[in-house]
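Chemist: One structure coming up, written as structure tokens, with questions to follow.
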Amino acid sequence: MMTRCGSVRWVSFVALNLALAAAFFQGGLAQAAAAGPEAGKTLIIRDEYGVPHLYAPTVERGLYAMGYAQAEDRLEELLKNYLRGLGEMAAAFGVSHLRDDVVCRMWDHYGMAQRNFERIDPTVRRHMEAFLAGIQDYLRDHPEQVPDWWGARRVDVYMQIAYSRQFMWGWPLGQALSDLRAAGVEPDLQVDLRSSNEWVVGPQRTSVGAPILLIDPHLSWWGAQRFWEFRVHAGTLHGSGFTLPGLMYIGLGHNDHLAWAMTTGGPDTADIYELTLNPTNRLEYRYDGTWRKLSERAI
């Protein structure tokens with residue numbers, strides 16, 4: 001099975017981050033912590049529900065605080081998500097994760113991240129590094145909180161990308177498997193069904209005269225896809241909403257100008273190709289009337 005997802009999905013990752021950044025950095029709500037004796041400081045202030053409100057003089061300092069607060073709140077889930085992106089869950093949690101690890105390593109999410117990191121917009125790279133520094137400093141400040149199964153690993157920027165790719169990859173992989181079934185081939189790989197929805201109520205139908213966006217992503221209350229809520233005001237970065245542990249920016253939320261969401265129903269991003277193998281050499285396949293060698297990679 002081959003798909004045309006590699007370059008498409010890498011572009012999608014970069015485009016998604018740039019789009020979130022563009023939405024995120026609009027506006028500037030007036031904040032009490034931005035003036036007075038706390039001006040210029042980087043602060044993590046929690047409300048009565050424990051939700052962190054992040055205040056910082058620059059975007060980078062705000063994302064540093066985001067990484068630190070996220071690690072403080074959800075360290076085990078954050079590190080597990082990075083293991084998912086690495087394809088190393090089975091080593092820590094047993095053979096029930098082996099199939100997912102094999103699929104993850106087959107797509108080489110971490111290797112793709114390493115090879116393509118410099119293609120990401122320089123501003124986004126700086127933001128990723130600032131967010132990472134916050135996580136690293138929390139791990140340094142609280143070594144007793146680091147689970148034993150994390151071992152001697154050290155978090156890096158590539159883990160953010162690898163996990164986000166692993167999370168997004170379920171969509172094109174599911175499409176590819178559906179195409180196989182439509183052709184009468186039952187694959188031995190299963191992908192969990194995903195669904196969600198979002199609704200917008202027009203301003204003429206609300207009591208406040210403004211549109212209201214309802215986001216209903218259908219993710220889990222527990223485990224890999226449990227959201228982390230926060231609010232941030234840092235330099236030109238302003239917003240409130242949710243992301244997944246291990247990722248920066250607001251995936252679903254709003255600033256003082258607009259709101260955004262994600263739901264299922266995306267474009268067709270996967271194609272299936274049937275290869276004819278050489279009957280005398282199973283490591284060759286037919287391409288345009290000639291035999292080409294298959295590449296091999298240990299996973």
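Chemist: Quick check: pseudo-label points 7 Å beyond the Cα along Cα→Cβ at Val102 and Asp121, how many nm apart are they?
Modeler: 4.0
Chemist: Here is a follow-up. Under 5 Å between amide hydrogens, which residues at least 5 positions from Gly239 or on another chain qualify, with H placed 1.01 Å from N in the peptide plane?
Modeler: Answer set, sorted by chain and number: Val232.
Chemist: In addition: I need the peptides 144-157, 233-246, 46-59 ranked by packing, meaning the mean over residues of other C-beta atoms within 10 angstrom, with the highest value on top.
Modeler: Highest-to-lowest ranking by the protection proxy: 233-246, 46-59, 144-157.
Chemist: Give the residues of region 89-104 whose amide nitrogen is closer than 20 Å to a point set 7 Å from the Cα of Asp188 in the direction of its Cβ.
Modeler: Only 90, 95-104 pass the distance filter.
Chemist: Within region 198-299, which GluC sites (Glu not before Pro) sit in a loop by DSSP and count at most 12 neighbouring Cβ atoms inside 10 Å?
Modeler: Glu274, Glu296
Chemist: Could you tell me the center-to-center distance, by alpha carbons, between region 170-248 and region 261-298 in angstrom?
Modeler: After rounding, the separation between the Cα centres reads 30 Å.
Chemist: Quick one: 3J(HN,Hα) in Hz for region 124-141, Karplus 6.51/-1.76/1.60 with θ = phi - 60°, rounded, Gly and Pro as x.
Modeler: 5, 4, 4, 5, 4, 5, 5, 4, 4, 4, x, 5, 4, 5, 5, 4, 5, 6
Chemist: Just flag the chymotrypsin sites (Phe, Trp or Tyr not before Pro) in region 262-299 sitting in loop per DSSP whose Cβ has no more than 14 other Cβ atoms within 10 Å.
Modeler: Values: sites: Tyr273, Tyr285, Tyr287, Trp291; in loops: Tyr273.
Filter output for region 262-299: Tyr273.
Chemist: Give me the distance in nm between label points sitting 7 Å out from Cα along the Cα-to-Cβ direction at Leu180 and Trp222, one decimal.
Modeler: Computed distance between label sites Leu180 and Trp222 equals 3.1 nm.
Chemist: Give the calculated FRET efficiency between Glu129 and Arg205 to the nearest 0.05, with a Förster radius of 51 Å applied to their Cβ-Cβ distance.
Modeler: 0.70
Chemist: So if R0 is 41 Å, what FRET efficiency would Ser196 and Ser295 give, r being the distance between their Cβ atoms, rounded to the nearest 0.05?
Modeler: Result of the calculation: an efficiency of 0.65.
Quick note: the coordinates plus some simple rules give every number you see, no bench work behind them. Worth saying up front: this structure is predicted, and the values here are computed from it rather than measured. Neighbour counts are summed over all protein chains in view; Cβ atoms, including those assigned to glycine, are modelled from backbone coordinates with ideal geometry.
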